[in-house]
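Trainee: Before we start, here is the structure in question, set down as structure tokens.
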Amino acid sequence: MQLTLSGRTAIITGGSLGLGQAMAQAFYQAGARVAIVARRENVLAETKAAIAATEAPIGARIEAFACDVADGGALSRMHDAVVATLGPVDIVVNNAGKAVAKPFEKLTDQDWQDDLDLKLMAAVRLTRLVWPGMVARRWGRVINILNTFAKAPGANTSPTSVTRAAGMALTKVLAGEGAPHNVLVNALLIGLIRSDQIRRQWERSGANQDLETFVAEFGKRLPMGRMGEAGECASTALFLASEAASYVTGCAINMDGGMCPVV
């Protein structure tokens, strides 16, 4: 089955590295006009150049937009710039986020607010900007990138678990409101995926082993015996963004190699 996004415009937040970059490349190679969004212009420029160097169908485009998505005003300006450059937005992937987890008693009000602004309110605000156009055109896709803590939180995983659970609830609410208008909303719940976060974890660990060994050893803890790859998640996101998923909405799909105890 060949999946195509030709003629579609997509915004991917957190699009400069890791999973976001993999999704941007998959969407671009499927023919989409893709806007990658992140804070660091230099990293965005490198990612844009790397993706543009790959083969893609006629009409595919990749553009970069520097934006702090936790800033509502900046988010609105970014959206306007994307529309002016690439056209009305058909697909949004809310992927921006970072790993923050502390014991509950060590979390400040600002820790909570920062996490909510980045992981929940950024998705709310960006989706609100694109929603009227999707409804009017009777076609839209919203994909919220969460993690498996949304279903199965553990100790010392706040504020991320709480914010991601709210993102899963948002997904279900929007799916119900969008379904009559062919605006489909789903979530991918990420487990242990080889990414820049894993690289940073390796660097912090001070482990006396190379990255490949670290990843392999970590992966042995999972039912599938290995970590997932960013490209595997990107393939699922591409499916959800395409016409092939035309009857899929309101789902929270685990991308975790069987790690999460909740289906």
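Trainee: Just one of Asp90, Asp114, Asp80 is out of contact with any Ser or Thr (no Cβ under 7 Å at 6 or more places or on another chain), closer than 30 Å to Gly191 by Cβ and of a type in the set (D, E, K, R); which is it?
Mentor: Among Asp90, Asp114, Asp80, only Asp114 is out of contact with any Ser or Thr (no Cβ under 7 Å at 6 or more places or on another chain), closer than 30 Å to Gly191 by Cβ and of a type in the set (D, E, K, R).
Trainee: Tell me which of these Met121 doesn't satisfy, since it passes every other one: (1) closer than 22 Å to Val34 by Cβ; (2) outside any loop (DSSP other than H, G, I, E, B).
Mentor: Against the list (1) closer than 22 Å to Val34 by Cβ; (2) outside any loop (DSSP other than H, G, I, E, B), Met121 comes up short only on (1).
Trainee: Any chance you could count how many residues in the stretch 1-45 are touching a residue at least 24 places away in the same chain (Cβ under 8 Å), loosely packed, with under 15 Cβ neighbours inside 10 Å and in a helix (DSSP H, G or I)?
Mentor: 1
For (1) more than 21 Å from Gly72 (Cβ to Cβ); (2) in contact (Cβ under 8 Å) with a residue 40 or more places away in the chain; (3) acidic (Asp, Glu), each residue gets a yes or a no:
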site: Leu107; (1), (2), (3): yes, yes, no
site: Asp115; (1), (2), (3): no, yes, yes
site: Val130; (1), (2), (3): no, yes, no
site: Trp139; (1), (2), (3): yes, yes, no
site: Thr148; (1), (2), (3): yes, yes, no
site: Gly176; (1), (2), (3): yes, yes, no
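Trainee: Let me ask something additional. With Leu211, Leu238, Leu192 as the choices, which residue is in contact with a Phe, Trp or Tyr (Cβ under 7 Å, 6 or more places away or on another chain) and surrounded by fewer than 16 Cβ atoms within 10 Å (Cβ to Cβ)? First the steps, then the outcome.
Mentor: Values: Leu238 fails: surrounded by fewer than 16 Cβ atoms within 10 Å (Cβ to Cβ); Leu192 fails: surrounded by fewer than 16 Cβ atoms within 10 Å (Cβ to Cβ).
Selected residue: Leu211, the only one of Leu211, Leu238, Leu192 that is in contact with a Phe, Trp or Tyr (Cβ under 7 Å, 6 or more places away or on another chain) and surrounded by fewer than 16 Cβ atoms within 10 Å (Cβ to Cβ).
Trainee: Would you mind stating whether Arg164 is within 22 Å of Phe239 (Cβ to Cβ), without any contact (Cβ under 8 Å) to a residue 60 or more places away in the chain, basic (Lys, Arg) and outside any loop (DSSP other than H, G, I, E, B)? Break it down stepwise before answering.
Mentor: Working: within 22 Å of Phe239 (Cβ to Cβ): yes; without any contact (Cβ under 8 Å) to a residue 60 or more places away in the chain: yes; basic (Lys, Arg): yes; outside any loop (DSSP other than H, G, I, E, B): yes.
For Arg164, the condition - within 22 Å of Phe239 (Cβ to Cβ), without any contact (Cβ under 8 Å) to a residue 60 or more places away in the chain, basic (Lys, Arg) and outside any loop (DSSP other than H, G, I, E, B) - is met.
Trainee: Across the stretch 134-155, which residue is surrounded by the most Cβ atoms within 10 Å (Cβ to Cβ) among those that are modelled with pLDDT of 95 or more and assigned to a loop (DSSP other than H, G, I, E, B)? It would help to see each step written out before you state the result.
Mentor: Let us first name the residues in the stretch 134-155 that are modelled with pLDDT of 95 or more, namely 134-153, 155.
Now narrow it down to the ones that are assigned to a loop (DSSP other than H, G, I, E, B): 138-139, 151-153, 155.
On the way: Arg138: 10, Trp139: 17, Lys151: 19, Ala152: 16, Pro153: 16, Ala155: 9.
Only one residue tops the list, namely Lys151.
Trainee: Return the residue satisfying two criteria in turn: it lies in the stretch 77-100 and is of a type in the set (A, V, I, L, M) and part of a strand (DSSP E or B), and of such residues it is nearest to Arg200 (Cα to Cα). Walk me through how you get there before you give the answer.
Mentor: Filtering the stretch 77-100 down to residues of a type in the set (A, V, I, L, M) leaves 78, 81-84, 86, 89, 91-93, 96, 99-100.
In the following step, the residues that additionally are part of a strand (DSSP E or B) were identified as 91-93.
Values: Ile91: 30, Val92: 27, Val93: 23 Å.
The residue in question is Val93.
Trainee: To continue, here is another question. When you go through (1) surrounded by 15 or more Cβ atoms within 10 Å (Cβ to Cβ); (2) of a type outside the set (Lys, Arg); (3) closer than 13 Å to Ala35 by Cα; (4) out of contact with any helix residue (DSSP H, G or I) (no Cβ under 9 Å at 6 or more places or on another chain) one by one for Asp114, which number turns out not to apply?
Mentor: Condition (3) is where Asp114 drops out.
Trainee: So, in the stretch 237-262, how many residues would count as being under 14 Å from Gly191 (Cα atoms) and either assigned to a helix (DSSP H, G or I) or not β-branched (Val, Ile, Thr) (or both)?
Mentor: Start the filter on the stretch 237-262 by keeping residues that are under 14 Å from Gly191 (Cα atoms), which leaves 252-262.
Those left that are additionally either assigned to a helix (DSSP H, G or I) or not β-branched (Val, Ile, Thr) (or both): 252, 254-261.
Within the stretch 237-262, residues that are under 14 Å from Gly191 (Cα atoms) and either assigned to a helix (DSSP H, G or I) or not β-branched (Val, Ile, Thr) (or both) number 9.
Trainee: Kindly establish whether Arg221 is in a loop (DSSP other than H, G, I, E, B) and modelled with pLDDT of 95 or more. Outline the logic, then answer.
Mentor: On the way: in a loop (DSSP other than H, G, I, E, B): yes; modelled with pLDDT of 95 or more: no.
Criteria not met by Arg221.
Trainee: Looking at Phe214, is it in contact with a helix residue (DSSP H, G or I) (Cβ under 7 Å, 6 or more places away or on another chain), aromatic (Phe, Trp, Tyr) and at negative phi? Spell out how you get there, then give the answer.
Mentor: On the way: in contact with a helix residue (DSSP H, G or I) (Cβ under 7 Å, 6 or more places away or on another chain): yes; aromatic (Phe, Trp, Tyr): yes; at negative phi: yes.
Criteria met by Phe214.
The values are calculated or read from the model by the stated rules, or taken from the named source; none is laboratory data. All of these numbers come straight from a predicted model, not from anything done at the bench. Cβ: placed from backbone, ideal geometry, glycine included. Neighbour counts: every protein chain shown.
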